[in-house]
Each structure stands twice: as C-alpha cells, then as structure tokens.
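Have a look at the structure below before the remarks.
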C-alpha cells in the first residue's frame with residue numbers, strides 16, 4: 001500500500017512539474033509567434049499571456065471534469081484562490097510589507113469579489129457548474145479582458161502585464177525556438193494534466209478521502225507555486241506592489257476562465273462538504289484581501305502571520321476531516 005502511495009505522489013509531483021514547464025513554454029512560444037506576426041504587444045499581454053499563464057489550471061480542470069473527477073477540478077479552483085491570498089501573500093509579507101497602493105487595483109478587487117460571488121452562487125444555488133453556468137463564467141473573463149483592453153487603449157496607467165511581454169519575447173526569440181516551445185507546451189500540458197489527475201484520483205481513493213482534499217492541497221499548492229515564487233522575489237526586492245496585482249488577477253482568472261472551462265467541458269458537481277468548509281474559507285480569503293485593497297492598508301508582518309496561520313489551520317481542518325488524525 002505504502003509503495004503505491006509513494007508512486008502516486010511521485011507521479012503527481014512529476015505531473016505538476018510537466019504542467020508548469022509546459023505552460024511557461026507555451027506562453028513563450030505563443031508570444032514569440034505573435035511577435036513574428038507583428039501582433040501588438042498590448043493585445044498579446046491581455047490575451048496570450050493572461051490566458052496562457054492559466055493554461056496549467058485549465059488543462060487540469062478540463063481533464064478532471066472529462067474523467068468524472070469533479071472534486072479535483074473544483075478543489076483546484078477553490079484551493080488556488082485560498083492559497084493565493086493566505087500563503088502567496090502571507091509568506092512574503094513576513095519578509096517585507098506588501099503595499100496595496102497600486103493604481104487601479106481597487107477596480108480589480110471589486111471584479112474579484114463579483115467573480116467570487118458568482119462562483120458561490122453556483123455552489124449554493126444549483127450546486128454545480130454546467131454548460132450554461134460555465135458559459136456565463138467564461139463570458140465574464142471575456143468582459144474582464146475587454147475592460148482591461150479598453151482602459152489600456154484609452155491611456156490608462158501602465159499595466160504590469162506589458163513588462164512580462166518583453167521578458168517572454170526575449171526568451172522566445174528565433175523562429176525555431178518559437179516552434180519548439182509551442183510544440184513542447186502543447187504536448188506537455190495534456191500529458192502533465194493526465195499524470196496529475198489520474199494519480200491524484202487514485203491517491204484519494206486509496207487514502208479513502210474525498211477528491212477535493214487532494215485538489216485543495218497538493219494540486220492547488222502546486223499550481224500556485226509560480227505566483228508564490230514571483231511574490232517572494234518581489235518582496236525580497238521590495239517591489240511587492242507589482243506582485244499583488246498578479247494575485248488578484250490570478251483569482252479572477254481561476255473563477256471566470258478555469259471555472260468557465262470546467263462547465264464548458266461538462267458538469268462539475270460541488271461536494272456537500274465543500275459548502276461547509278472550503279467555500280466559506282475561499283469567501284473569507286477574497287473578502288479579506290479586498291478589504292485591504294479597498295481601504296489601501298498594507299499587508300504587514302502581523303497580517304502575514306495571521307494569513308499563514310489561517311492557511312495552516314485550513315490544511316489541518318482538512319486533514320482532521322479526512323481522518324488523518
């Protein structure tokens with residue numbers, strides 16, 4: 001039994017690694033192709049990079065829904081949004097205070113609250129995300145991207161996503177490199193998603209726990225690692241104002257784009273246990289972050305400690321409910 005669990009965990013970690021590398025290669029290759037075709041940088045930043053950086057989560061979610069592993073699909077969305085607030089912002093805040101004085105950030109915080117409310121309405125209303133709800137959520141991300149496009153094209157303040165375009169363009173220079181990146185990314189994403197979902201489902205079955213627990217912990221933590229690394233690096237360089245926008249944007253995309261993709265791929269049903277623990281914690285995380293952004297209060301070391309403690313408490317509750325103690 002133990003060798004099987006170790007093997008499954010190893011394949012889950014391998015799947016996560018393949019997903020993250022393939023997702024990065026896909027974005028770099030797509031940006032390189034867009035540059036070769038002379039597509040405007042603004043359009044690239046608001047479409048290819050915005051959607052491309054969510055590709056690992058989307059592939060995992062779609063794969064999970066198609067194979068009937070709803071818990072992993074929805075747990076990934078819920079767990080990522082919780083980890084993004086309590087862990088991705090909490091840990092770096094212990095190093096250096098994260099400022100919320102970022103121009104235009106409050107608008108995005110309001111959109112994040114609306115996205116969270118829509119997700120909760122689906123969970124506590126019908127109790128699932130089907131094709132109609134998925135289409136509605138995905139329409140939300142199209143409106144969000146259109147809104148950012150309109151603001152940027154009308155002389156709004158500089159969008160940090162544009163900085164990423166230059167980084168990706170430099171790394172993806174050359175036609176051969178672009179093709180290799182695209183092929184590797186497109187091949188790696190479904191492979192990584194298959195490794196992750198199939199072994200995560202098997203691990204949950206062998207441990208006798210609900211799939212959401214695996215989705216909320218291992219899968220969500222793994223897909224949140226890039227954001228965590230980015231924000232920690234920003235905190236170390238005392239540039240945390242750039243990073244917080246990425247976290248808010250990631251939470252919006254997780255619900256609208258990834259949640260929408262889940263519904264368009266099939267029907268994902270919420271587990272009753274999620275209604276009493278996972279979703280309330282996600283709601284609290286979203287409201288807490290929005291409160292700091294809307295009141296323009298910095299996330300300091302004390303708040304960071306509270307955030308990290310909240311995340312640890314959430315994981316312990318999951319473990320206790322799963323019978324680990």
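Rule-based calculations on the coordinates, nothing more; no lab input. The structure presented is a predicted model; accordingly, all values stated were derived computationally and were not measured. Positions of Cβ are backbone-derived with ideal geometry, glycine not excepted, and every protein chain shown enters the neighbour counts.
Here region 87-131 is scanned for amide nitrogen atoms under 13 Å from the site 7 Å beyond the Cα of residue 301 along Cα-to-Cβ, giving 93-98.
What's the FRET efficiency of residue 2 with residue 294 using the Cβ-Cβ distance as r and R₀ = 51 Å, to the nearest 0.05? Efficiency, from the Cβ-Cβ distance: 0.55.
Neighbour counts of C-beta atoms inside 10 Å place 96, 311 in the sequence 96, 311, starting with the fewest.
Each of the peptides 56-64, 137-145 was scored by the mean count of other Cβ atoms within 10 Å over its residues; in descending order, highest first, they stand as 56-64, 137-145.
Each peptide in 260-271, 192-203 gets a packing score, the mean of other Cβ atoms within 10 Å over its residues, and the list from highest to lowest is 192-203, 260-271.
Once the Cβ-Cβ distance of residue 130 and residue 277 is raised to the sixth power relative to R0 = 35 Å, the FRET efficiency obtained is 0.90.
Spacing of the modelled spin labels on residue 153 and residue 66, each 7 Å from Cα toward Cβ, amounts to 3.3 nm. Panel order for 80, 290, by other beta carbons found within 10 Å of each beta carbon, from fewest to most: 290, 80. At 4 °C and 1.567 mPa s, what whole-number value in µm²/s does Stokes-Einstein give for the translational diffusion of region 66-141, with Rh from the Kirkwood sum over Cα pairs? Estimated via Stokes-Einstein, D reaches 89 µm²/s. Over the residues of the chain, the helix contribution to mean residue ellipticity at 222 nm works out to -25000 deg cm²/dmol, using -39500 (n - 2.57) for each DSSP H run of at least 4.
The mean sequence separation of alpha-carbon pairs under 8 Å and at least six residues apart, normalised by the residue count of the chain, gives a relative contact order of 43 percent.
Going by neighbour counts of Cβ atoms within 10 Å, the residues 211, 4 line up, fewest first, as 4, 211. Please grab the % of Cα pairs in the chain that end up more than 36 Å from each other. Summing the P(r) tail past 36 Å for the chain gives 14 percent.
Size descriptor for region 254-325, Kirkwood hydrodynamic radius: 14.6 Å (Cα pairs only, one decimal). With both labels modelled 7 Å from their Cα along Cα-to-Cβ, the residue 142 to residue 36 distance reads 2.9 nm.
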